[in-house]
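Asker: Here you go, one structure.
The values are calculated or read from the model by the stated rules, or taken from the named source; none is laboratory data. Computed from a prediction, not measured in an experiment: that's the story for all the values here. Here Cβ is always computed from backbone atoms with ideal geometry, including for glycine, and neighbour counts include all displayed protein chains.
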Amino acid sequence: MSRLLRYLYTFFFSIALLFALVKMALRHINDHDGHRKAGPRRRFFERFGLLGGSPPKNGVIFHMVSVGETIAALRLLEQFISAHPDTPVTVTCTTATASRLISQRLGERVHHCYLPFDLPIFVWLFLKRLQPRALIILETELWPNLSYACAKRNVALLLLNARLSDKSFKGYRKVRPLTAATINHFSAICCQGEQDARHFLDLGLAKEKCHNIGNLKFDISPSDDLAEKAQTLHQSRLQNRPTWVAASTHPGEEEIVIASHQQLLKTHPDLVLVLVPRHPQRSTEVAQLLKSAELGYIKHSDNRSMQADEQVYIVDTIGELMTFYALSQVCFVAGSLVPHGGHNPLEPAMLHKAIISGKHVHNFTKIYTDLEQSQAVIMIDNTPEALSHSVAQLLDDTKQSKALGDNAAHYLQSHQGAIAASLEKIEIALAISELH
């Protein structure tokens, strides 16, 4: 039954991929201004398992689909590389922003490429070139053909920081035989929490393969130079003005954030909004919204100081959000005023920052529930009035702001330890791979 479903999955995936490629080609033809040419197209053939150069063989592959998973895995990767200096490490992803972050943060220490589309021939080419000992996937990327091919080649499969939302669980349950076969190809699935573990067990995962070891996102700490870097940036670019940050915003949210800032300027005329779109390439679109609102702005890439008549600082680069969290008095974590599912609030929590979030946080339900119970976050409705009221309240009441930030930091610290447990599982998986 599972084999038949995998064949059907492959058939329908092939058709969907064909349509996607046609759509992409038409978009390329119509892309007269060339804005997309700097994206992943240069390495597009990697998605077909065609790797250029001389990729290292007999190593370990770490796969992180996008930026969030990449940030969560960086410390794990760095510790693994330190412990295994002679083991080749390949890091894969499927988004351009994650690719840039991997290159920026890990550089020459790893080989980097895109993960191929989940069709047998592409997966076969990919694995044949790399001949890995192990494939370690972060969070929940379940690819039936990839997992089957790894099992056939005796490549150890490990799923770390695994999570399954209720929505995803219901989707996978509709094809339970295929899902059960896929997840049981893994030597271990290490879950973020008890509910995630229950979901995997309900989908047919063998009990001995299911482990609840906590969330890697908790195992973070500020870099040694973060405080100095933030202070320098705050002074040189923002002129030491009071600052709040709207982090990882999406379409439909910027309008609320901008309207909120307009209200705040009536009572806090020197206040700066640091606006960080989730996708930096949208900075031009965000700038147009600010022009319509008659707000002065500069972009981070302008590389100059703010003027007195500029009220918004657009961050149009990647990998620097932590610095802007560090220099801000209040942190609004976006993706939560629209039904996107929210973003990671643990980074500002690490920095003892007062956190505000909308209520669309289904990707981080457990974390936000715990933060609320710990009096470590303010949850608001999706209106400019609600956001501006909460920001003003925290700017004016430093005692409440400090208490909120300290509670968030304490919550984070009490849940750390997943990196050590994950490294232990990786060592076991590598030891097993040596036996084959």
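Asker: Being modelled with pLDDT under 95 and surrounded by fewer than 24 Cβ atoms within 10 Å (Cβ to Cβ), is that true of even one residue in segment 377-399?
Answerer: no
Asker: Out of segment 183-211, which residues are within 23 Å of L423 (Cα to Cα) and either among the acidic types (D, E) or in a helix (DSSP H, G or I) (or both)?
Answerer: Listed by number, the residues that qualify are I183, E194, Q195, D196, A197, R198, F200, L201, K207, E208, K209.
Asker: Is it the case that some residue within segment 375-382 is outside the structural domain of G193 (by TED's automatic domain parsing) and over 14 Å from F332 (Cα atoms)?
Answerer: yes
Asker: Evaluate segment 219-228: report whether one residue or more is surrounded by 18 or more Cβ atoms within 10 Å (Cβ to Cβ) and either assigned by TED's automatic domain parsing to the domain that holds S187 or more than 22 Å from V391 (Cα to Cα) (or both).
Answerer: Yes; the residues of segment 219-228 include at least one that is surrounded by 18 or more Cβ atoms within 10 Å (Cβ to Cβ) and either assigned by TED's automatic domain parsing to the domain that holds S187 or more than 22 Å from V391 (Cα to Cα) (or both).
To keep it simple, each residue is scored yes or no on (1) of a type in the set (V, I, T); (2) outside the structural domain of A134 (by TED's automatic domain parsing); (3) modelled with pLDDT under 90; (4) part of a helix (DSSP H, G or I).
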| residue | (1), (2), (3), (4) |
| --- | --- |
| R75 | no, no, no, yes |
| S82 | no, no, no, yes |
| D86 | no, no, no, no |
| I102 | yes, no, no, yes |
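Asker: Does Q239 meet the test of being over 19 Å from L321 (Cβ atoms), out of contact with any Phe, Trp or Tyr (no Cβ under 9 Å at 6 or more places or on another chain) and not in a helix (DSSP H, G or I)?
Answerer: When the stated conditions are applied, Q239 passes them.
Asker: Take the residues in segment 354-369 that are farther than 12 Å from Y411 by Cβ and crowded, with 23+ Cβ neighbours inside 10 Å; name whichever of them is nearest to the chain's Cα centre (by Cα).
Answerer: F364
Asker: Given the conditions (1) farther than 19 Å from Y325 by Cβ; (2) within 25 Å of the chain's Cα centre (by Cα), report the number of the one that I380 does not fulfil.
Answerer: (1)
Asker: Additional query: Looking for whichever is of a type in the set (G, A, S), out of contact with any strand residue (DSSP E or B) (no Cβ under 7 Å at 6 or more places or on another chain) and farther than 30 Å from K167 by Cβ here; the options are A287, A326. Which one fits?
Answerer: One residue alone meets the criteria, A326.
Asker: Restricting to segment 400-419, count the residues that are in contact (Cβ under 8 Å) with a residue 12 or more places away in the chain, within 22 Å of the chain's Cα centre (by Cα) and loosely packed, with under 15 Cβ neighbours inside 10 Å.
Answerer: Of the residues in that region, 1 qualify.
Asker: Give me the pairs, please: first residue somewhere in segment 335-347 and more than 21 Å from S168 (Cα to Cα), second residue anywhere and crowded, with 23+ Cβ neighbours inside 10 Å and among the hydroxyl-bearing types (S, T, Y), beta-carbon distance under 6 Å, and either six or more positions apart or on two chains.
Answerer: Close Cβ pairs (under 6 Å, with a partner that is crowded, with 23+ Cβ neighbours inside 10 Å and among the hydroxyl-bearing types (S, T, Y)) amount to E347/Y325.
Asker: Considering every residue within segment 165-181, establish whether at least one is buried (at least 17 other Cβ atoms within 10 Å of the Cβ), of a type in the set (S, T, N, Q), outside any strand (DSSP E or B) and not assigned by TED's automatic domain parsing to the domain that holds N344.
Answerer: For segment 165-181, residues buried (at least 17 other Cβ atoms within 10 Å of the Cβ), of a type in the set (S, T, N, Q), outside any strand (DSSP E or B) and not assigned by TED's automatic domain parsing to the domain that holds N344: present.
Asker: Oh, and also: Which of the residues spanning segment 284-336 are over 27 Å from R105 (Cα atoms), surrounded by 15 or more Cβ atoms within 10 Å (Cβ to Cβ) and in contact with an Asp or Glu (Cβ under 7 Å, 6 or more places away or on another chain)?
Answerer: Scanning segment 284-336 gives L289, Y297.
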